[in-house]
Structure formats: structure tokens, C-alpha cells
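*Asks:* Attaching a single structure in C-alpha cells format; questions to follow.
The values are calculated or read from the model by the stated rules, or taken from the named source; none is laboratory data. Values in this document were obtained by computation on a predicted structure and should not be read as measured data. FYI the Cβ positions are ideal-geometry reconstructions off the backbone, even for glycines, and counts take in every protein chain you see.
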Amino acid sequence: MTERTFSIIKPDATRRNITGKINAVIEEAGLRIVAQRRVHLTEEQAKTFYAVHAERPFYGELVGQMTAEPVVVQVLQGDNAVARYREVMGATNPEQAADGTIRKLFALSIGENSVHGSDSLENAGIEIAQFFTDADIVG
Ligand code: RTP
Ligand code: MG
């Protein structure tokens, strides 16, 4: 089934000027970038986005990293896009990520792991709506 998922190219990647390399992996995997925008997240936006992790020990560090540099927010479309993108991203910890995945190729650490992708279709809808209106998404 054709789905849409939400992606963030994180500050560790924008800082290294490798957003194009990451987009190439996304496109080679058959996902289409149907909306894309560069944004410097405020602390409030990052805290809201990762509110589910508010009680975790790494929350403060995560919010700090996500607001350190601009990010690229994206909507990706394709067959089973939510699960497909999680596959293409690889494991959260790059040491455990499979060969050819974005995190294996580019992540620096478990925290600075280059990309975010929605973990369910429901969350994809919620996350997309935080950054894009329907008019922004051209499928
Ligand atoms: P994401 O939400 O960013 O797509 O990543 P994920 O589902 O693979 O991982 P999740 O468990 O949701 O964690 C969110 C982000 O928090 C950072 N993290 N740091 N230092 C740590 O132990 C740790 N654990 C997680 C990562 O940036 C992770 O992507
Ligand atoms: Mg997650």
C-alpha cells in the first residue's frame, strides 16, 4: 500500500553537508521525496517532537543535538513507506545497523545518527502535520 512517512535529516548530517548523499540513498530505495524543507528547530519544537522520550536520560542531549544546526524535514512516499524507511535508515545504534543503511553509512553515534523516521503510520500522520500542510506535499 502506498504510504507517506516523515523524515528528518539531523544536524550531524546537515553540518557535514551530506543531505544530498542521504537523499540519494532514500531515492535509490524507491522512496519519493514529496515535500522537503530546511528548518532550524527551536528548543520548544524539538521538545514537543521528542516528548515521548522526555523521561529518558538522553532527552536533554537529544534536544540539544536536534537544535544545534538546521535540519531537513521531509515527507517520503512509497510502497509501505513507514517500514521501508525504517529499513533504509538502519538500527538506532549505527554499530548494529545493516550494511548499506543510512546509519551504517553516515551515523556518528547512537545520538548523532543522521536521520529520523516515523515508527508507525499513525505517528507519521502526526509528525507530518507538525511541519507540513496538505498544500506543501506534492505526490
Ligand atoms: P528516531 O526516533 O530519531 O527515528 O530514532 P529511533 O526510532 O531509531 O530511536 P528512538 O528510540 O526513538 O530514539 C530517538 C533518538 O534519540 C537518540 N538516542 N540517543 N544516547 C542514547 O542512548 C540514545 N538513544 C536514543 C537517537 O538520536 C535516536 O534516534
Ligand atoms: Mg523513534
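*Asks:* Given the conditions (1) of a type outside the set (S, T, N, Q); (2) in a helix (DSSP H, G or I); (3) crowded, with 17+ Cβ neighbours inside 10 Å, and given that Ala24 satisfies all but one, which numbered condition is not satisfied?
*Replies:* Looking at each condition in turn, Ala24 falls short on (3).
*Asks:* List the pairs whose first member sits in the stretch 126-139 and is at pLDDT 95 or above, whose second member is assigned to a loop (DSSP other than H, G, I, E, B), and whose Cβ atoms are under 6 Å apart, counting only residues at least 6 apart or on separate chains?
*Replies:* These pairs meet every condition: Glu127/Ser118.
*Asks:* Within the set of pairs 6+ apart or on separate chains, which have a first residue in the stretch 4-15 that is over 17 Å from Ala35 (Cβ atoms) and in contact (Cβ under 8 Å) with a residue 12 or more places away in the chain, a second that is assigned to a helix (DSSP H, G or I) and among the aromatic types (Phe, Trp, Tyr), and C-beta atoms under 7 Å apart?
*Replies:* Ala13/Phe106
*Asks:* Still on this structure, I have one more. Which is assigned to a helix (DSSP H, G or I), within 16 Å of ligand 1 (Cβ to nearest atom) and over 19 Å from Ile137 (Cα atoms), of Ala46, Ala91?
*Replies:* Going through Ala46, Ala91 in turn, just one is assigned to a helix (DSSP H, G or I), within 16 Å of ligand 1 (Cβ to nearest atom) and over 19 Å from Ile137 (Cα atoms): Ala46.
*Asks:* Now for a separate question. Got a number for residues in the stretch 106-133 being touching a strand residue (DSSP E or B) at 6+ places or on another chain (Cβ under 7 Å) and either outside any loop (DSSP other than H, G, I, E, B) or away from ligand 1 (no atom under 13 Å from the Cβ) (or both)?
*Replies:* 9
*Asks:* When only residues in the stretch 104-119 that are of a type in the set (A, V, I, L, M) and surrounded by fewer than 17 Cβ atoms within 10 Å (Cβ to Cβ) count, which is nearest to His53 (Cα to Cα)?
*Replies:* Of the stretch 104-119, the ones of a type in the set (A, V, I, L, M) are 105, 107-108, 110, 115.
Filter once more, keeping what is surrounded by fewer than 17 Cβ atoms within 10 Å (Cβ to Cβ): 105, 108, 110.
Details: Leu105: 25, Leu108: 21, Ile110: 15 Å.
Result: Ile110.
*Asks:* Let me ask something additional. Looking at (1) touching a residue at least 12 places away in the same chain (Cβ under 8 Å); (2) assigned to a loop (DSSP other than H, G, I, E, B), can you tell me which one Arg103 breaks?
*Replies:* (2) is the only condition that Arg103 fails.
*Asks:* Would you check which residues across the stretch 113-122 are of a type outside the set (Gly, Ala, Ser) and either touching a residue at least 40 places away in the same chain (Cβ under 8 Å) or within 26 Å of Arg16 (Cβ to Cβ) (or both) and list them? If you could, list the steps in order and put the result at the bottom.
*Replies:* Going residue by residue through the stretch 113-122, those that are of a type outside the set (Gly, Ala, Ser) are 113, 115-116, 119, 121-122.
Passing the criteria: Asn113, Val115, His116, Asp119, Leu121.
*Asks:* One residue is enough: does the stretch 30-40 have a residue meeting the conditions within 23 Å of Asp134 (Cα to Cα), of a type in the set (A, V, I, L, M, F, W, C) and in contact with a Gly (Cβ under 8 Å, 6 or more places away or on another chain)?
*Replies:* There is at least one residue in the stretch 30-40 that is within 23 Å of Asp134 (Cα to Cα), of a type in the set (A, V, I, L, M, F, W, C) and in contact with a Gly (Cβ under 8 Å, 6 or more places away or on another chain).
*Asks:* What's the total number of residues in the stretch 72-88 that are touching a Ser or Thr at 6+ places or on another chain (Cβ under 6 Å), closer than 17 Å to Thr19 by Cα and within 13 Å of ligand 1 (Cβ to nearest atom)?
*Replies:* 3
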